[in-house]
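Trainee: Can you read through this structure? Questions will come right after.
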Amino acid sequence: MDTRIVFSTDNIAGRAPDAQDAGLYGRLFGKCGLKELQRNMHDYERHRIAPWTLSFGGTDMGVGGFRLGFGQDDGMELTFAVLPEPLPVGISAEFLSAALVFAVSGLRADRVFCLSDGDAALSPRMLLQAGFSDARAAPGPGRPDLRLMRWTAATPSRA
């Protein structure tokens with residue numbers, strides 16, 4: 001087993017972000033890929049919390065995990081971005097369910113938030129089914145339908 005794995009499900013392995021992930025970040029985030037990778041590497045080095053590089057069947061497929069939230073959106077921010085290649089049905093739900101368990105048991109977090117829209121791998125519908133509430137509109141550049149979704153450990157998870 002790879003000792004760099006810090007998160008896993010039956011089908012997904014997550015490792016700490018590393019410089020070797022530059023190609024994946026470039027495919028996921030375009031010209032912002034290197035900046036996003038550097039941010040995640042810095043956060044992981046400093047706090048031991050940052051989105052992981054996710055693989056399925058030994059192939060890197062995306063980036064997902066947590067980052068510290070600040071300000072009015074305090075709590076842990078959940079992120080999940082995957083390559084547009086076809087993934088098995090249920091991988092997003094598998095990630096979401098395991099990530100919420102990890103948030104509570106591994107990070108001792110009782111609040112999680114996620115920004116989502118219909119184009120996101122974790123759609124608002126999926127988040128609602130997992131016990132998130134739709135907090136408010138949070139439009140961003142090129143994403144006018146973005147929503148701020150919130151989850152608390154007191155919210156029963158149905159993921």
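The values are calculated or read from the model by the stated rules, or taken from the named source; none is laboratory data. Keep in mind the model is a prediction, meaning the values are calculated, not measured. Backbone-built Cβ (ideal geometry, glycine too); neighbour counts: all protein chains shown.
Trainee: Answer yes or no: is there a residue in segment 92-100 that is in contact (Cβ under 8 Å) with a residue 60 or more places away in the chain and among the polar types (S, T, N, Q).
Mentor: Yes, the conditions are met somewhere in segment 92-100.
Trainee: Any residue at all in segment 37-45 that is more than 22 Å from ASP110 (Cα to Cα), aliphatic (A, V, I, L, M) and assigned to a strand (DSSP E or B)?
Mentor: No, because not a single residue in segment 37-45 is more than 22 Å from ASP110 (Cα to Cα), aliphatic (A, V, I, L, M) and assigned to a strand (DSSP E or B).
Trainee: So, one more: Does segment 101-111 contain at least one residue that is at pLDDT 95 or above and either among the basic types (Lys, Arg) or in contact with a Leu (Cβ under 7 Å, 6 or more places away or on another chain) (or both)?
Mentor: no
Trainee: How about segment 102-144: which of its residues are within 15 Å of the chain's Cα centre (by Cα) and charged (D, E, K, R)?
Mentor: ARG111, ASP117, ASP119
Trainee: Take the residues in segment 46-76 that are of a type in the set (S, T, N, Q) and part of a strand (DSSP E or B); name whichever of them is farthest from SER8 (Cα to Cα).
Mentor: Per the stated criteria, the residue is THR59.
Trainee: Related question: Being among the small types (Gly, Ala, Ser) and closer than 23 Å to ASP10 by Cα is the filter here; which residues of segment 95-117 pass it?
Mentor: Selection gives SER97, ALA98, ALA99, ALA103, SER105, GLY106, ALA109.
Trainee: Please determine, by comparing only the residues of segment 113-147 that are closer than 16 Å to ALA81 by Cβ and of a type in the set (D, E, K, R), which one is surrounded by the fewest Cβ atoms within 10 Å (Cβ to Cβ).
Mentor: ASP119
Trainee: Could you list, in sequence order, the residues of segment 103-112 that are of a type outside the set (D, E, K, R) and surrounded by fewer than 20 Cβ atoms within 10 Å (Cβ to Cβ)?
Mentor: Correct list: VAL104, SER105, GLY106, LEU107.
Trainee: Is it fair to say GLY33 is touching a Phe, Trp or Tyr at 6+ places or on another chain (Cβ under 9 Å) and within 16 Å of ALA121 (Cα to Cα)?
Mentor: no
Trainee: Another one. Return the residues of segment 148-159 that are surrounded by 14 or more Cβ atoms within 10 Å (Cβ to Cβ) and over 24 Å from GLY14 (Cα atoms); say none if nothing qualifies.
Mentor: Scanning segment 148-159 gives LEU148, THR155.
Trainee: If you don't mind, another one. All but one of (1) small (Gly, Ala, Ser); (2) within 25 Å of ARG136 (Cβ to Cβ); (3) surrounded by fewer than 16 Cβ atoms within 10 Å (Cβ to Cβ) hold for GLY30; state the number of the condition that does not hold.
Mentor: For GLY30, the failing item is (2).
Trainee: While we're here: Name, by its number, the condition in (1) crowded, with 16+ Cβ neighbours inside 10 Å; (2) of a type outside the set (Gly, Ala, Ser); (3) at pLDDT 95 or above that does not hold for ILE91.
Mentor: Against the list (1) crowded, with 16+ Cβ neighbours inside 10 Å; (2) of a type outside the set (Gly, Ala, Ser); (3) at pLDDT 95 or above, ILE91 comes up short only on (3).
Trainee: Pick from VAL89, VAL63, VAL82: which is more than 11 Å from the chain's Cα centre (by Cα) and hydrophobic (A, V, I, L, M, F, W, C)?
Mentor: VAL89
Trainee: Okay, moving on. Checking GLY26 against (1) at pLDDT 95 or above; (2) in a loop (DSSP other than H, G, I, E, B), only one condition comes out false. Which one?
Mentor: (2)
Trainee: Follow-up. Can you find a residue in segment 3-14 that is in a strand (DSSP E or B), surrounded by 12 or more Cβ atoms within 10 Å (Cβ to Cβ) and modelled with pLDDT under 90?
Mentor: yes
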